[in-house]
Amino acid sequence: MPLDHSCLNIALYGKGARWVMTERGAHDTRAERNALQIGPSAMRWERDRLIIDIEERDIRLGIPWRRRVKGQIVLHPEMFNEKGFKLDPVGRHHWQAIAPRARIEVRMERPDIGWTGSGYLDSNHGSEPIECGFQSWHWSRAHVGKEVAVIYEGKRRDGSHFGSALRFGSDGVPHEEELPLVAPLPRTWWMMARQTRADRGCASVIKTWEDSPFYARTALTARLWGEPVVAIQESISLDRLVNPVVQFMLPYKMPRET
């Protein structure tokens, strides 16, 4: 039952860094048409904005004392997209960039930090666990002038490959472009393979924000369709995720409330 494995993941980097990913059961989860409650945290749509109320405790490996993480994030979509995409031929897995471009307000009480900036909202859903459908996945997003580029590709569990380069106009409508050249990136400290797409197949890492045995999140610079961009890139290895050693480690990074 999916609702029996619910969590809100919060990752704050830099000053006041925090990591939150506490799993909760179905009795602590309530899903409605325009709202979702997971334990003491919740998110809801109010007219054309998404409000996320955070009340959690952080996780630090080897340290039993968990600090309070409290605050609110408000996401104001600047464009909406209603088109979703099948990621496999039979439609077991779907992805949709709901708000390819948005403005966000972050107001945290614990830690005491806040800012405004650009944001993004997408959704993945499927009728089976993601590791059953895929071996690996790479994704990136960048502003290209007033447009937004979202590129994703990966390898399915049956060995076939998939990929798409989407260019979202100011109206939020996605247009499929030819995939740019593969731009290899250096492996992470955990030796995670990662890559993106860019003009001439060239991109440079600015900072690796997240580095784990099976997942990496990276900020990078590149050129897309002739424009210099700063992109956020993510890579995940589902083969590594299902490795028994990684499965043994997961509860330390993602504890479950009972």
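The values are calculated or read from the model by the stated rules, or taken from the named source; none is laboratory data. This is a predicted model, so every value here is computed, not measured. Note that each Cβ is placed from the backbone with ideal geometry, even for glycine, and that neighbours are counted across all protein chains shown.
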What pairs come out if I take residues in the range 114-143 that are outside any strand (DSSP E or B) and pair them with residues that are among the β-branched types (Val, Ile, Thr) and surrounded by 12 or more Cβ atoms within 10 Å (Cβ to Cβ) whose C-beta lies under 6 Å away, six or more apart or interchain?
Glu131/Val242
What is the one condition in (1) surrounded by 14 or more Cβ atoms within 10 Å (Cβ to Cβ); (2) within 18 Å of the chain's Cα centre (by Cα); (3) in a strand (DSSP E or B); (4) without any contact (Cβ under 8 Å) to a residue 40 or more places away in the chain that Gln233 does not satisfy?
(4)
Only one residue in Ala97, Ala102, Ala183, Ala193 is over 28 Å from Trp19 (Cα atoms), in contact with a Ser or Thr (Cβ under 9 Å, 6 or more places away or on another chain) and small (Gly, Ala, Ser), so which one is that?
Ala183
Considering residues of the range 56-66 that are surrounded by fewer than 15 Cβ atoms within 10 Å (Cβ to Cβ) and touching a residue at least 12 places away in the same chain (Cβ under 8 Å) only, the residue farthest from His143 (Cα to Cα)
Leu61
Can you tell me which of Asp28, Asp53 is under 27 Å from Met1 (Cβ atoms), charged (D, E, K, R) and touching a residue at least 60 places away in the same chain (Cβ under 8 Å)?
Asp28
Unmet requirement for Glu109, which otherwise passes all of (1) of a type outside the set (Lys, Arg); (2) in contact with a Lys or Arg (Cβ under 6 Å, 6 or more places away or on another chain); (3) outside any strand (DSSP E or B)
(3)
Among the residues of the range 195-214, write down those that are surrounded by 20 or more Cβ atoms within 10 Å (Cβ to Cβ) and either among the β-branched types (Val, Ile, Thr) or under 26 Å from Lys15 (Cβ atoms) (or both).
Thr196
Could you list, ordered by first residue, the pairs with Cβ atoms under 8 Å in which the first is in the range 175-201 and on the phi > 0 side of the Ramachandran plot and the second is at pLDDT 95 or above, at least 6 apart or interchain?
Arg200/Leu181; Arg200/Arg223; Gly201/Pro180; Gly201/Leu181; Gly201/Val182; Gly201/Ala183
Could you please find all residues in the range 82-113 being of a type in the set (Asp, Glu) and loosely packed, with under 15 Cβ neighbours inside 10 Å?
Glu82, Glu109, Asp112
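Could you list, in sequence order, all residues of the range 31-50 that are farther than 27 Å from Met1 by Cβ and either in contact (Cβ under 8 Å) with a residue 60 or more places away in the chain or of a type in the set (Lys, Arg) (or both)? Step through it out loud before you land on a result.
Initially, the range 31-50 is screened for residues farther than 27 Å from Met1 by Cβ, giving 46-49.
Of everything in the range 31-50, those that are farther than 27 Å from Met1 by Cβ and either in contact (Cβ under 8 Å) with a residue 60 or more places away in the chain or of a type in the set (Lys, Arg) (or both) turn out to be Arg47, Arg49.
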In the range 158-171, is there at least one residue being aliphatic (A, V, I, L, M), free of Cβ contacts under 8 Å to residues at least 40 places away in the same chain and out of contact with any Gly (no Cβ under 9 Å at 6 or more places or on another chain)?
yes
Scanning the range 167-181 residue by residue, those surrounded by fewer than 20 Cβ atoms within 10 Å (Cβ to Cβ) and closer than 11 Å to Ile151 by Cα turn out to be Arg167, Glu176, Glu177, Glu178, Leu179
Would you mind finding the one in Pro184, Pro228 that is assigned to a strand (DSSP E or B), surrounded by fewer than 15 Cβ atoms within 10 Å (Cβ to Cβ) and in contact with a helix residue (DSSP H, G or I) (Cβ under 9 Å, 6 or more places away or on another chain)?
Pro184
